[in-house]
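Before any comments, here is the structure.
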């Protein structure tokens, strides 16, 4: 059954409070309603898809400040609204995915902010986990089809998610993160600078090993991403131009190199 158990843990990892939300309408509708809610990367740690439940609401948002609340917005709309409000949207996630051989189920990764879908494809609504708030994940010993996810702030979720499938999603997030970090180091290095990272005790930093290096060169990877960043900026500044394709930006880039007599 698609039931969610939210527990509050003390410093000894003992359960001091527990709440259950199920697909039965009378229980799901007990959560407060914030229909025009949004995702806050600092406080939102989980979004559950309820579009298939017996309720008028499509999502339940778990937020450290706003608490558990429901909305008629789908998880797809919530995550897209969040991405569009930031410096990078899913066009860039897809562009990076091309370099990482990720063709579907893209996560949203922008440096230390990471949201991963529990299933796919992302074009449909699914659950989303704020990976940057994750401290641990392990199987439910009482039910092999469920997992426990521990978040900072002493929150622990028990949800019906396949462990192996979601762990692959976390490995994908790590690949995105490492790729962005390598890209950042490459660009900063051109200015004789260094990248200094703050230590992190998140699950991604402590339990997911660094991704293997890509076969292609740093230059090819950086060029590919920078082309797509330029394309995204152009589309943002010229929303009325629907005929300018990403391939056009590739041609512009090559023409520029040729005109400047660059390699």
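The values are calculated or read from the model by the stated rules, or taken from the named source; none is laboratory data. Nothing here was measured: the structure is a model prediction, and the numbers come from that model. FYI the Cβ positions are ideal-geometry reconstructions off the backbone, even for glycines, and counts take in every protein chain you see.
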Within the stretch 59-91, residues crowded, with 21+ Cβ neighbours inside 10 Å and either within 17 Å of residue 19 (Cα to Cα) or touching a residue at least 40 places away in the same chain (Cβ under 8 Å) (or both) come out as 59, 60, 61, 62, 70, 75, 78, 79
Scanning for something at pLDDT below 90, in a helix (DSSP H, G or I) and under 17 Å from residue 107 (Cβ atoms), does the stretch 150-173 turn up at least one residue?
no
Is there a residue in the stretch 13-34 that is closer than 12 Å to residue 156 by Cα and in a loop (DSSP other than H, G, I, E, B)?
yes
Condition set in contact with a strand residue (DSSP E or B) (Cβ under 7 Å, 6 or more places away or on another chain) and in a loop (DSSP other than H, G, I, E, B), scope the stretch 59-84, selection nearest to residue 46 (Cα to Cα): answer is 64
Which is modelled with pLDDT of 95 or more, surrounded by 15 or more Cβ atoms within 10 Å (Cβ to Cβ), assigned to a strand (DSSP E or B) and in contact with a helix residue (DSSP H, G or I) (Cβ under 8 Å, 6 or more places away or on another chain), of 39, 47?
47
Determine the pairs where a residue that is on the phi < 0 side of the Ramachandran plot and modelled with pLDDT of 65 or more, located within the stretch 200-220, has a partner that is surrounded by 10 or more Cβ atoms within 10 Å (Cβ to Cβ) and in a loop (DSSP other than H, G, I, E, B) with Cβ atoms under 9 Å apart, the partner being 6 or more residues away or on another chain.
200/112; 201/152; 202/112; 202/152; 206/200; 211/100; 214/100
Among the candidates 187, 181, 157, 197, residue that is farther than 18 Å from residue 113 by Cβ, surrounded by fewer than 18 Cβ atoms within 10 Å (Cβ to Cβ) and in the same structural domain as residue 47 (by TED's automatic domain parsing):
187
